[in-house]
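What follows is one structure encoded as structure tokens, with my remarks underneath.
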């Protein structure tokens, strides 16, 4: 059963245009007409190797037993091994042209042995029965830009653990995580990297097996089941994907055949010394084919709804340093990636985690852009947290930190991230960043959540933020669920749920996120009182909401606020209600406007503005 890639496929692979390389490379079970397993075909690309053999449980890891045949001058080696079945562990043994002997995991393996073991495993990736046609059909007709998009970012290993501290499997988490996320009102789950990786502490950002859903949490079909169940419950699944850099462990892609096969040859731009990783050369044809095929693989086999691309700044510029110049090969790859995915299915979502000012990241490739759907607004995140960390007595001097983001808000389609990066490495948890005593910390935290869900842009919140976890994220332990037994944490959790309900139900808070007509300031300049107010509107002129923030502990029982329309304004949410842990200063009855020119508006309302509070007011036409 000799196997050889066609000349056309070899050409496409070398040019970076082979989109289904996983169907050619790796280990593939071969079956007869009745489905009986005959054996396994192993195929690997290793042009710098003189001899390649496959070693594993089936041959006592003897490198002489099964030597692969070199099928062409390009560097592809292949061999069919009879009587090998699913779950068998294996590696490739490569004798390089430099006379090195390397033992490597399969770059295209569909499964891997559980750490600390580093072998690949033969796995039957086919045959899962999906039940998400209805969800996919609805996704393909949805305009995500004009719909609610609230992402719950999750690290599967530490969201919840078993009593003995071990990990839940993908298929075990569905009964806990999915109802929890739905109950809160999030629309998507974003999962931190689940490509195979050797070190738990890397959180998946230093991968070795891009085609293998990590064995920490079960087998690949367990993850298929997880996604299928999410889709049946109306939840999208985004995976965190790391195409820019790889783990340096000896069994991985790094120096795969003794040469810089997938990475840069130039050490100066190859080595990410701060991260201990190496950069993939995204300008190489084979690297492009490897990664484009990998994106296709996750879409085809796992039905994922999109990718969050990690460390885009490190891709756009050599080593993430703009002084070293734009990495044109990598930029071309990002364009090709986004174009390919949108051409495959326009409803798939692409997110760029980028801290640079590189232009047009979220513009279509055909319009000179990079082609992402959304860019993380790192500027908004940094300015907002910097503001909230200040004692309220000093906030009046830093009022512009809250308003500056709107200056550039429509330059890209932004997502507002309060992610895992903000609650690790001594940065403190979100609630612990807040100044003041215990009560004030939670009042400030409610303000932060209120700003997140009312400011233009889609939303992302890292797990634990929904109940104000006090400690930083601990990747080796589950979330501090015990805190929900404490009144203030339970109350702030209720506030997050209710805020998400308001967000999901009211089109002014999401429908025109990326249209300047959907937002206007009422008073952006009241730094003296640290009160901020703006309006959000939907496509319908009568769908209007007014949002008021008081960033100090001072209460204003009769605050006069300009409003854009004559009518009635009903407070649909106030963070200072007692049910949320507040002091009880809120507006319990609808507020009728009266003629008065203030805040550049011709009408006004008189309202109670509680201490360290947000009020969301819904406009209604006053009926005679």
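The values are calculated or read from the model by the stated rules, or taken from the named source; none is laboratory data. Being a predicted model, the structure only gives us computed values, none of them experimental. Positions of Cβ are generated from backbone atoms using ideal geometry, with glycine treated the same way; all protein chains shown enter the neighbour counts.
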Test: residue in the range 333-343 that is in a helix (DSSP H, G or I), more than 24 Å from residue 143 (Cα to Cα) and touching a helix residue (DSSP H, G or I) at 6+ places or on another chain (Cβ under 6 Å): yes
Qualifying residue in the range 487-497 (condition: touching a helix residue (DSSP H, G or I) at 6+ places or on another chain (Cβ under 9 Å), outside any helix (DSSP H, G or I), crowded, with 23+ Cβ neighbours inside 10 Å and not assigned by TED's automatic domain parsing to the domain that holds residue 545): no
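For residue 410, are the conditions met, namely being touching a helix residue (DSSP H, G or I) at 6+ places or on another chain (Cβ under 9 Å), within 22 Å of residue 370 (Cβ to Cβ) and at pLDDT 95 or above? It would help to see each step written out before you state the result.
Details: touching a helix residue (DSSP H, G or I) at 6+ places or on another chain (Cβ under 9 Å): yes; within 22 Å of residue 370 (Cβ to Cβ): yes; at pLDDT 95 or above: yes.
When the stated conditions are applied, residue 410 passes them.
Have a look at 174, 122 and point out the one that is surrounded by 15 or more Cβ atoms within 10 Å (Cβ to Cβ), at negative phi and in contact with a strand residue (DSSP E or B) (Cβ under 7 Å, 6 or more places away or on another chain). Steps first, answer last, please.
Details: 174 fails: in contact with a strand residue (DSSP E or B) (Cβ under 7 Å, 6 or more places away or on another chain).
Selected residue: 122, the only one of 174, 122 that is surrounded by 15 or more Cβ atoms within 10 Å (Cβ to Cβ), at negative phi and in contact with a strand residue (DSSP E or B) (Cβ under 7 Å, 6 or more places away or on another chain).
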Sole exception among (1) part of a loop (DSSP other than H, G, I, E, B); (2) at pLDDT 95 or above; (3) under 29 Å from the mean Cα position of the chain (by Cα) for residue 528, by number: (3)
Odd one out for residue 69, checked against (1) buried (at least 17 other Cβ atoms within 10 Å of the Cβ); (2) closer than 30 Å to residue 36 by Cα; (3) over 36 Å from the mean Cα position of the chain (by Cα); (4) at pLDDT 95 or above: (1)
All positions within the range 207-219 that are buried (at least 24 other Cβ atoms within 10 Å of the Cβ) and in a loop (DSSP other than H, G, I, E, B): 207, 208, 214
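State which residue is surrounded by the fewest Cβ atoms within 10 Å (Cβ to Cβ) when the search covers only the range 263-286 and only residues that are touching a residue at least 60 places away in the same chain (Cβ under 8 Å) and more than 20 Å from residue 322 (Cα to Cα). Working first, answer last.
Quick first cut of the range 263-286, residues touching a residue at least 60 places away in the same chain (Cβ under 8 Å) only: 275-277, 284-286.
Now restrict to residues that are more than 20 Å from residue 322 (Cα to Cα): 276, 284-286.
Working: 276: 13, 284: 20, 285: 16, 286: 20.
Step by step, filter the range 263-286, then rank; the result is 276.
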Boolean, residue 323 is crowded, with 16+ Cβ neighbours inside 10 Å and more than 26 Å from residue 145 (Cβ to Cβ): no
The range 181-206 - residue that is within 17 Å of residue 159 (Cα to Cα) and modelled with pLDDT under 95 and, of those, surrounded by the fewest Cβ atoms within 10 Å (Cβ to Cβ): 201
Filter result (out of contact with any helix residue (DSSP H, G or I) (no Cβ under 8 Å at 6 or more places or on another chain) and assigned to a helix (DSSP H, G or I)) within the range 224-254: 228
